[in-house]
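Shown next, in C-alpha cells, is the structure this report addresses.
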Amino acid sequence: MSDMMETPIYKGKPPAVHNVDDYRRGLRNRPNESTIEVTAQHKVDLWTIMPGLTMPEHLHPGSECVLLVIDGRGDITIAGQTSDLKKGSLTIIPPHAHHSVRNTGPDPLVILTTQGPGPFETRVEESPGSEKIY
C-alpha cells in the first residue's frame, strides 16, 4: 500500500470536456471563429476556414497563441515568413507577432487555437479589400 493520499486538484466544478467537432461551422464568405472556452488565463477557439479564404493579418498584443491544425491544408505567415500547414501541424505565435492563415486546400481548414494569458485582444491589420473578421 502506498502512503500517498488522493488530493482533489480542482475545487468547485470539474473541468469541461469538449468535442471539437461540435464547434465546426464553415462559412462560405469568411473564416468562422467558434469560441469553445474562455477563462481568466486562456481562450480556446475553433476556426473553420473554407477553401480559398484567408484569415487576415492580425496580432495579439498581450498573449501567445498556440495553433493546432485539426483538418485541411493551408499556410501561415508569421512576421513575414510563410510555412505550410497540414493536419497535425502545431505552431506557437509569440505576442505582438503579425500573422495570417490561408486555406490552400480543397477542404475546410480547421484550426484549434488557444491564447494566454488574458486579457484577450486582437488587432486586425486593415488593408484595401480586406474584410474585418473580429
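FYI, it's all coordinate maths here, none of it is from the lab. Source: prediction; values computed, not measured. Positions of Cβ are generated from backbone atoms using ideal geometry, with glycine treated the same way; all protein chains shown enter the neighbour counts.
Scanning the stretch 107-120 for residues that are over 16 Å from Met55 (Cα atoms) and not in a strand (DSSP E or B) turns up Pro117, Gly118, Pro119, Phe120.
Screening the candidates Gly80, Gly88, Gly72 for the property of being at positive phi and buried (at least 16 other Cβ atoms within 10 Å of the Cβ) yields one hit, Gly72.
Residue pairs whose Cβ atoms lie under 9 Å apart, separated by 6 or more positions or on different chains, with the first residue in the stretch 53-81 and over 17 Å from Ala97 (Cα atoms) and in contact (Cβ under 8 Å) with a residue 12 or more places away in the chain and the second in a loop (DSSP other than H, G, I, E, B) and among the aliphatic types (A, V, I, L, M), are Leu53/Leu27.
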